[in-house]
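In what follows, a single structure is set out as C-alpha cells and then discussed.
Just so it is clear, none of the values below were taken in a lab; they were calculated from the coordinates. Quick caveat, the model's predicted, so the values are computed rather than measured.
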Amino acid sequence: MEKDLIQLIDYALSCDLISKKDIENSIESLSKMMNIDSFTYVETINSEDIEIVMSRIIDQAEKKNLIQGFSIDERDAFEAKLFDCVMPSPKEVKEKFKLLYLENPTKATNYLYKLSKDVNYIKSRRLEKNIKWIYKGQYGNLELTINLSKPEKDPREIALLRNKPIIQETGKPLCVICKENEQNYYNARMNLRIVPITLGNELWHFQYSPYLYYPEHSIILHDEHRPMKIAHETFTYLFDFVDLFPTYFIGSNADLPIVGGSILNHDHFQGGKHHFPIEFAKDIRDFGKVKNVHVSHLYWPLSTIRLKSEDRFAMQHLASQFLDCWKSYQNEELDIIAETNGVPHQTITPILRKLDGIYEMDIILRNNRTSKEHPDGIFHPHQEVHHIKKENIGLIEAMGLAILPGRLKDELELIEHHLKNKTNLPLELEKHKKWIEEIQSRGSIEINQIFLRDEVSEKFEMVVEHSGVFKQNKKGLNGIHDFILSVIKNSNL
Ligand SMILES: [Zn+2]
C-alpha cells in the first residue's frame, strides 16, 4: 500500500502537481484517507503506469470498506479525492492561472488543461475508446463519434440503486455544473479546479468538460445557479469571452426545451479549440455589408445566418436585431409559428469565433414546437431516424459533430453479422428493422463496418436536416432570405 502511495506522490512530482515541500502534507492526507499510519517518502526508480497504481489503491480501499457500494461512480469519486491530496488547492490554481494569463492567455489555458488531464479529471484513457470518423456529405464534412467513454454500470451497482431511498443530501450542489462542484466529493469532483472570469461585468467561471467531446472542450458557467437565457446581453458575454481567449470559439445552447442542451437550469456556454464543420460551410447567398457587418446565409442543414466584422459593437447590435425579429417571426406555410397560448417557441443557437482579428458569428434559428404528427418536435429528429438519434440537437451537433450512443458499436457489428449470414433478426436490432430491410432491398452490396458507418452518417445528415426550420428548397430559401432582408431593411432605417 505505502509503495503505491509513494508512486502516486512521485507521479504528482513528475507532473508538477506538487513540489518537494508539499510531500509531507500529501503523506498526511493520503494516510488519513487510507486509514493507515504515516509513512516515509523515498524516491522510486521504476514507476508504473499511474492508472494501474490508482486501481490497486482503490481496490485496497474497497477491501477496507472505505468505499461504499462497488460502483464505478464511487471508485471515480474516491480516485478524485486521492488526486486532490497531491495537487494544488483551488486558490493556488486560480492564482497561477491569473499570473500565466497576464503573460499569455494560451499559457494559462494550457496550464489548466494539462492539470485537468494529469489528475484524471479529464479521463483521457476512457476517451481513447471512442470511435470517430469523418463523412463527406452534401453540406461538407460531418464529424461522428460513438461515445464509449462512459463506462457501463456494474450490475451490483444497479441492484444497489434500485433499493436506494431518494433523499436530499446536504452539501450536494444544485446541479452538475454549479461552482460548488469544485473540490466536492459529489459527482467525483474533488480534483476539479475552476477559474473566475469576467463577462459583461459579471462573475463567471471557466473549466474543462470531463467528457471532452473535442479538443479543449470547456464550460463557462455563471456564478449563480440561474436558468439559461438567450438575450441581448448574451452577445456581450460571447464577445467578451473571445476577446479574453482569442484562440477559443464559444457558443450557447438554445434556452428552450427540445432544441436546447441537457442543462437548462444553469446558465452556461461551451467553448474550446476546435474547428467544427459549420465553420467551413459555404455561403448560399451573400447579402453584402450592413453598417460594417457582412451578412450571409449558409448552405447548412440548420438555418444559419453568418455575420462577419471587425466591429464588435455593430455586430452585437445587428445580432440583437436578428434575435428580436426571429422571436416573433411567423410563416404558417412553413409550419413556423412563434408561440402557442403565449408560450414562445423561437430562439437561437449562437456561436462566435475570432479569426485574424475578425469576429465571425453564426446564428442558428431554432423552433421547438410539437405537433400531432411530430410529438417530439417538428424541427427535431423525426421518428424514422430515432433508431440512430432521438436526443436534442444541441450546440455541438448543430455545428456538425454527432455524439452517438455507445450501444451503436455493438449494434453495427450485429447488423453486419445479420446481413452477411441472413440470420433471424435479433431482438436488440428490432429498432433498426426498417433500415435493415431497406439495405437488403438494394440487392447485393458489400456489407462491412465502413459501409455501415456511411449509412449512419447519412442518417445523421437527416437528423440535422430535420432540425432546420427553413429547408434548403425553393420555399425554404425564399422564406429565410425574405426574413434576412426584412431585418436588414429595419436596421437601415
Ligand atoms: Zn447549477
Using only Cα atoms, tell me the angle between helix 232-244 and the longest principal axis of the chain; keep it within 0 to 90° and round to the nearest 10. 50 degrees
So how far, in whole Å, is the C-alpha centre of region 1-40 from the one of region 167-203? 26 Å
Phi angles of region 193-204, converted by Karplus (6.51 cos²θ - 1.76 cosθ + 1.60, θ = phi - 60°) into ³J(HN,Hα) in whole Hz with x for Gly and Pro, give 10, 10, 10, x, 9, 10, 10, x, 6, 10, 7, 10
Alpha-carbon Rg with Dmax, taken over region 2-93, Å: 12.7, 36
Taking only the C-alpha atoms, wrap a convex hull around the chain and report its volume per residue in Å³ as a whole number. 189 Å³
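Which pairs in the list K172/K372; K114/K389; K129/K431; K114/K179; K107/K172; K20/K123 are over 31 Å apart, alpha-carbon to alpha-carbon? Spell out each step's value before the answer.
Values: K172/K372 40 Å; K114/K389 33 Å; K129/K431 25 Å; K114/K179 20 Å; K107/K172 33 Å; K20/K123 26 Å.
Check vs 31 Å cut-off fails for K172/K372; K114/K389; K107/K172.
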Relative to the longest principal axis of the chain, what angle (0 to 90°, nearest 10) does the C-alpha long axis of helix 50-63 take? 70 degrees
Using alpha carbon centroids, what distance separates region 407-456 and region 362-393, in Å? 25 Å
